[in-house]
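Novice: Dumping the structure here so I can ask a few things about it.
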Amino acid sequence: MHGLKRYFPIPYLMIGLAALAYLVLDLAREPSEPWATVGAIVAIAPLVTFMLSLAVVRRPRTSRNLYGVLALAVAGTVLSFAFFASPASWFALVLGLVPAAGYVFWYSLLDRSAARGSLRVGATLPSFELRGAAGQLIPQDERNASLYMFVRGNWCPLCVAQVRELAAHYRDLEARGAEVFLISPQPENHTAALSKRFDAPMRFVVDRDARIAKQLGIEHVGGVPFGVPGGYDSTSVLPTVIITDANRRIIFVDTTDNYRVRPEVSAFLEALA
């Protein structure tokens, strides 16, 4: 079932947009049961709008359960089925309520079983080699704390927004003695492009073949949505943040089980304090 997830977001978004266009045109033609069509629009539009807004607004996190999206999907479906004679009712159910519930309670959730117990506060982080977009070895100062943020890729708007947020607070992190490493298995050219966006001396690391992710148990096979342009491989990384002291002892770790729920920078600063 987890392999099916990569085929959900973009195909659904295309189908949802097409369904909304059809329903709006149908409403303009004055159907026999207009409230059924209105209900279907109310059921489908919230999830489609939310998914589009992630790419436009680029926020680093959202609420876990998206109660507004779910409430509108339920209300629209109930309204539509009050006029059961209309085919629009099935649009509301199949393209509104079911996908909304699936997105919140299935698609957004991450399987962390491979890393269970290995990444925890007090454990020693295994050593690994860090290389930049040009293949150069990136040294680590053993006298400093290190913050490792694993980024799914430039295709993920929440990841890019989280990197932007981190860059905005880089001086605060540096003042607490932390070096910042942003690690992603995406192609080198995408990592190079990401590094040019932000005016902060963070280290951008290319995790070729997701070797570091595999070592830590945070590889995400099939994590890149089907249809994403840019030459990405289907394998990604589970969004993860690890902070270690100078002895590579983990002092903070966030292994979120929901790709939309990310830690605040204040949590990193508190751990480093």
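The values are calculated or read from the model by the stated rules, or taken from the named source; none is laboratory data. Just so you know, these numbers come straight off a predicted model, no measurement behind them. All Cβ positions, even for glycine, are placed from backbone atoms using ideal geometry, and neighbour counts span all protein chains on display. In case anyone asks, the SASA skips ligands and DNA or RNA and just uses the protein heavy atoms, side chains included. Shrake-Rupley method; radii C 1.70, N 1.55, O 1.52, S 1.80 Å.
Novice: In segment 227-252, which residues are touching a strand residue (DSSP E or B) at 6+ places or on another chain (Cβ under 9 Å), part of a loop (DSSP other than H, G, I, E, B) and among the aliphatic types (A, V, I, L, M)?
Specialist: Leu238, Ala246, listed by residue number.
Novice: Is it the case, given these coordinates, that Gly223 is under 28 Å from Phe8 (Cβ atoms), open to solvent by less than 10 Å² (accessible area, probe 1.4 Å) and outside any helix (DSSP H, G or I)?
Specialist: For Gly223, the condition - under 28 Å from Phe8 (Cβ atoms), open to solvent by less than 10 Å² (accessible area, probe 1.4 Å) and outside any helix (DSSP H, G or I) - is met.
Novice: Let me ask something additional. Any residue in segment 80-108 that is of a type outside the set (S, T, N, Q) sitting within a Cβ distance under 7 Å of a residue that is in a loop (DSSP other than H, G, I, E, B)? List the pairs, counting only those 6 or more apart or interchain.
Specialist: Pairs that qualify, where the first residue is of a type outside the set (S, T, N, Q) and the partner is in a loop (DSSP other than H, G, I, E, B), are Phe83/Glu33; Ala85/Glu33; Val104/Asn65; Val104/Leu66; Tyr107/Phe8.
Listed here are the residues, each with its yes/no results for (1) under 22 Å from Gly135 (Cβ atoms); (2) surrounded by fewer than 17 Cβ atoms within 10 Å (Cβ to Cβ); (3) touching a Lys or Arg at 6+ places or on another chain (Cβ under 8 Å).
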{"position": "Glu188", "(1), (2), (3)": "yes, yes, no"}
{"position": "Thr191", "(1), (2), (3)": "yes, no, no"}
{"position": "Arg208", "(1), (2), (3)": "yes, yes, yes"}
{"position": "Arg211", "(1), (2), (3)": "yes, yes, no"}
{"position": "Gly227", "(1), (2), (3)": "no, yes, no"}
{"position": "Gly231", "(1), (2), (3)": "yes, yes, no"}
{"position": "Asp254", "(1), (2), (3)": "no, no, yes"}
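Novice: Does any residue in segment 190-214 that is touching a residue at least 60 places away in the same chain (Cβ under 8 Å) and closer than 18 Å to Cys156 by Cβ come within less than 7 Å, Cβ to Cβ, of a residue that is β-branched (Val, Ile, Thr) and surrounded by fewer than 16 Cβ atoms within 10 Å (Cβ to Cβ) six or more places away or on a different chain, and which pairs are these?
Specialist: The qualifying pairs are Val205/Ile138.
Novice: Out of segment 150-201, which residues are under 24 Å from Leu272 (Cα atoms) and acidic (Asp, Glu)?
Specialist: The answer is Glu165, Asp172, Glu174, Glu179, Asp199.
Novice: Report whether or not Ser86 is open to solvent by less than 20 Å² (accessible area, probe 1.4 Å) and outside any helix (DSSP H, G or I).
Specialist: yes
Novice: All but one of (1) open to solvent by 40 Å² or more (accessible area, probe 1.4 Å); (2) closer than 26 Å to Ala55 by Cα; (3) not acidic (Asp, Glu) hold for Arg248, so report the exception by its number.
Specialist: (2)
Novice: Another question about this same structure. Restricting segment 50-82 to residues that are aliphatic (A, V, I, L, M), open to solvent by less than 30 Å² (accessible area, probe 1.4 Å) and assigned to a helix (DSSP H, G or I), which is farthest from Pro34 (Cα to Cα)?
Specialist: Only one residue tops the list, namely Leu54.
Novice: Among the residues of segment 129-178, count how many are farther than 20 Å from Ile243 by Cβ and either charged (D, E, K, R) or not in a helix (DSSP H, G or I) (or both).
Specialist: Count: 11.
Novice: Take the residues in segment 1-36 that are at pLDDT 95 or above, of a type in the set (Phe, Trp, Tyr) and assigned to a helix (DSSP H, G or I); name whichever of them is farthest from Phe50 (Cα to Cα).
Specialist: Per the stated criteria, the residue is Tyr22.
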